[in-house]
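Worksheet: one structure, shown below.
Laboratory data are not the source of any read-out in this text; all were calculated from the coordinates shown. Here the structure is a predicted model, which is why all the values come from computation and not from measurement. Quick reminder, even Gly has a Cβ in these numbers, built from the backbone with ideal geometry, and neighbours come from all protein chains shown.
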C-alpha cells in the first residue's frame, strides 16, 4: 500500500514528488543520516534507529533499487557472510537535503541544550551553511530566488 | 498512530528527526510545495494534490501547530467565511529543503521531458542552485564538508 503510493510519486513530473517517492517513507531519511555518519551494517542501522527489521529491510531495498546505496557481501573472520550497505555518489549528495532539514530544525524547532551537530568545512573547521548560490559561486538571498516553470511543466487539464 | 510516531521524533535531540516529526508525514512536503507556489485555500491544495480531505486537514493543522503556516478567516463576496493558509517566515525557509530535493530529483531521477521547474534569481533570471556556503558567502565543495558532534550530542547508553 505504501509502496503503491511511492510508485505513484515516482511517476510524477515533479522532481520533489519523485524524490519523496524514494526518500519519503518513514525512516528513510534517518537511515541515510546514519549512513552519512558511517553506518554500513544492518545491525548498526537497527541499533541506532530501533526500527523493526522488516521495515529496515524494505527501506534499504528501496534505496538500493534506486541507486542511493549499494549492497555488498562482507565477512568478518569466523562469522557468516553478511551484507554491507554503502552510499553511492547519488546517496552522498543527499547530505545537502539532510543538512537543509537539520539547519531548519536547529532554528525553528530548537533543542534545549543547543544543536547536537554543527556543519563545518573539513580543511579549516569554519562554519558551513546550506543556501542559494549563483553560477559564480556566490550566495543569493532567499528573497531573491524564484522557481520558474519550463515547457515540460504539465499543462492544466 | 502516525501522530504518535511524529511526537516521538519531535522529542529527539536530532534536528533532522525533529524536522521530520513536523514535515515527514506523507503529503506534507507536497502541501508546502503548493503553498510556496501560491496556494492558500483548502480547495486549492485538495485540487492540486488529490488527497483525502481528512488527511489534508490533519497535515495543515500540524503545520499551523508548529508555526509553519497560519490559518486566517477570509470571505469572498456572497460566500461563507472560509480559512486561508499562509506560510510564515519559518515556512518560507523550507523552500531550501524542497529545492534540495528538487535538484537531487532532477539529477538522479530525471523526467523524460527534462525538469519542469528551474531555480532562478529574481533580479536577473540567472540560474541558482542549493549548495554549501562559508561565512564569507562563498561556495564550499560537498567533499570539503563534515558534520561535527557538539557537547549536546547524546552520549551512548
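Rounded to whole Å, how close does chain A get to the rotation axis onto B by Cβ? Give me the residue too, please?
Reported as residue, whole Å: A:100, 2.
Let me see the pair-distance distribution of the protein assembly as shown: every alpha carbon pair, 10 Å bin width, integer percents in order.
Result returned by the calculation: 5, 25, 35, 24, 8, 2, 0, 0.
Based only on Cα atoms, what mean projected area does the convex hull of the stretch A:6-68 have, in nm²?
Orientation-averaged projected area of the Cα hull: 4.1 nm².
Distances from residue B:124 to the same position in the other copies: list them in nm, one decimal, shortest first, using label points 7 Å from Cα along Cα→Cβ.
Here the equivalent label points are 2.6 nm apart from this one.
Quick check on the stretch A:2-144: what are the equivalent-ellipsoid semi-axes from the Cα gyration tensor, as sqrt(5λ), descending, whole Å?
Over the Cα atoms of the stretch A:2-144, the semi-axes work out to 29, 21, 16 Å.
Out of B:72, B:93, B:34, any idea which swings most in a Gaussian network model of chain B, alpha carbons joined below 10 Å?
B:72
Can you list the distances in nanometres, one decimal and ascending, from the residue A:53 label point to the identical position in each other copy, with the point 7 Å along Cα to Cβ?
With the label placed 7 Å along Cα→Cβ, residue A:53 yields 4.5 nm.
Quick one: among B:103, B:136, B:95, which has the greatest mean-square fluctuation in a GNM of chain B with alpha-carbon springs under 10 angstrom?
B:136
State the Cα centre-to-centre distance between the stretch B:123-157 and the stretch A:69-111 in whole Å.
Centre-to-centre distance over Cα atoms comes out at 17 Å.
Under the definition of Cα pairs under 8 Å and six or more residues apart, what whole-number percent is the relative contact order of chain B?
Over chain B, the number comes to 14 percent.
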